[in-house]
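What follows is one structure encoded as structure tokens, with my remarks underneath.
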Amino acid sequence: TNPGFVVRITQAGLDYAQQQGIAILEKELAQLTLPDISGDSRVLHVGKVRYSFSRLRIPSFRLPHSRITPISNVGLQVSISNAFAELDGDWRVKFLFIRDHGSFNLKVENVYLKIALRLGSDTTGKPTISTSDCSARISKVRVLFSGKLGWLYNLFHRVIESKLRKNLERKVCDNVVESVQNELQTYIRTLRVTARIDDKIGIDYSLVAPPRATAQSLDADLKGEFYSLAHRSTVPFSPLPLAFPSDHERMVYFGASSYFFNTAGIAYHKAGALVFEITEAMIPKESEFRLDTSAFSAFIPQLEEMYPNMPMKFRLSTPTAPFLTIGPGGISFQPIVDAQAYAILPNSSLAPLFLLSLVRNVSAVINVRSGRIVGSLDVGRIRLSLKDSAVGHFQVQFLQTIMNYLTSIILLPHLNARLDEGFPLPLLDRIQLSNILVRFHQNFLLLGADVRFQPR
């Protein structure tokens, strides 16, 4: 299934994610607890040395050099090199008739970590992440003892350093697996794959396939479809393939296809949300224009005879869902609007007068603000035609100026106010966008941005 919406995280975005993730992993590793170690070490020509190490803790764990790389058809690989840590604890030793205890400090250097992350999606279309492999290697361990008989360390230091190294290598990977499951997996599930827009419309950002790693980026193909909350039905057309450009100036890119925008038109049309009324109360008082039969009688003489000096209203609706096109020049469409005119009778009932068909060229300006796609419409002159009349035939071109005026001062500001509220982008929790880029391509809109993570 072709996606209606694509999210691309570039290498710059992955590098930023790696910085944030490594900072969290450092804190997690600094809280590692290692099991107590005890045993015997037989020293040649000397005898048996019995030892125990307890209260092992890691006051600091530093990961200065790391790299995250997308691996095609696999996922992500995190490589960490030249990491180092310190470990403190207490030691106790018994050797012949000698007993002693003290504290020690363990210097762990040249730590190498390689972590493979598998990316997927669950049955709800949410992304999933897990550790498919983890290997840790520590090439250098040095123990520094305190205590009166610290020289005893020389009798068994190789055994202790070997055990501490193996324990630490195992615990580091255990901690990585746990952090990915508890921290990273929990965090990426903050991506809302469905969002309620208002009381009538929702939007579906569920994954149509697992995230796809390429040599330079990580792509997520999303459904990108608006739907009616009351009744969701199948869209009568499919998304076209998106020829995503090889652009890597920003950390993240969003590709919103014409399918994405056109399902919005279908959803709002089916939900009955593309209906609007123009009444006298909406017209600015300073305009001195009155919406009544007297104002139209100069163009439709029979109107004054049938409904003299009565207030009027227009009911605007779309017979079909608006369908837009996206090209290098921007977004454009020609919505067809039916404008039914009514006379409001003294008993408040409505008398149908005439039905006009309005066609207007519309272009859209798109931007991103506060994690939402926002926009505004710019319109050209209306083309009118008469579809039906209960007051006889008349020349519709005489109504051109009036209908242009009514739609420009009432309908257009209403639509732009709604578009200015915007529609949410598929973002993880606590992500803010900056340095926005907007470009138009054939059949889709490309939005680029840099990312900033806001810690709790």
Counted charge near Ser81, where neighbours are those whose Cβ lies closer than 14 Å (Asp, Glu -1; Lys, Arg +1): +4
Percent of C-alpha pairs per 5 Å bin, region 283-432, short to long: 2, 8, 15, 19, 16, 13, 9, 7, 5, 3, 2, 1, 0
Theoretical FRET efficiency, 1/(1+(r/R0)^6), r = Cβ-Cβ of Arg99 and Phe453, R0 51 Å, to 0.05: 0.45
Rg to Rh, two decimals, where region 11-190 supplies the alpha carbon set and Rh follows Kirkwood: 1.10
Where Ile98, Ile331 fall by accessible area, highest first, once all protein chains stay in place (1.4 Å): Ile98, Ile331
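Find out how many positive minus negative residues lie around Ser206, taking Lys and Arg as positive, Asp and Glu as negative, among other residues whose Cβ is under 15 Å from that of Ser206.
Numbers: positive: Lys126, Arg189, Arg192, Arg196, Lys223, Arg232; negative: Asp122, Asp204, Asp221, Glu225.
So the environment of Ser206 carries a net charge of +2.
Can you give the FRET efficiency for Ser294 and Gln334, using 1/(1 + (r/R0)^6), R0 = 22 Å, r = Cβ-Cβ distance, to the nearest 0.05? Could the numbers behind the result be given before it?
On the way: r = 33 Å, r/R0 = 1.49.
E between Ser294 and Gln334, to the nearest 0.05, is 0.10.
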Per residue solvent-accessible surface (Å²) - region 252-329, probe of 1.4 Å: 46 Å²
Listed pairs Lys48/Lys140; Lys200/Lys313; Lys27/Lys126; Lys114/Lys223; Lys107/Lys171 exceeding 22 Å between Cα atoms: Lys48/Lys140; Lys200/Lys313; Lys27/Lys126; Lys114/Lys223
Label-point separation, Asn435 to Lys285 (7 Å along Cα→Cβ), nm: 5.2 nm
Highest to lowest packing among 283-290, 433-440, scored as the average C-beta count within 10 Å: 433-440, 283-290
Options (i) 127, 41, 35; (ii) 82, 59, 43; (iii) 65, 58, 44 - which one matches Cα extents along the principal axes in Å as calculated here: (i)
Portion, in percent, of the accessible area of the chain that falls on carbon or sulfur, probe 1.4 Å: 52 percent
Computed accessible area, Asp90, all protein chains, 1.4 angstrom probe, square angstrom: 60 Å²
Theoretical gain in end-to-end length, Thr214 to Ile24 [0.36 nm per residue, Cα-Cα removed]: 65.8 nm
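The values are calculated or read from the model by the stated rules, or taken from the named source; none is laboratory data. None of these values were measured; they are calculated from a predicted model. Cβ atoms come from the backbone with ideal geometry, glycine included; neighbour counts cover every protein chain shown. The accessibility values were calculated without ligands, DNA or RNA, using every heavy atom of the protein model including side chains. Shrake-Rupley method; radii C 1.70, N 1.55, O 1.52, S 1.80 Å.
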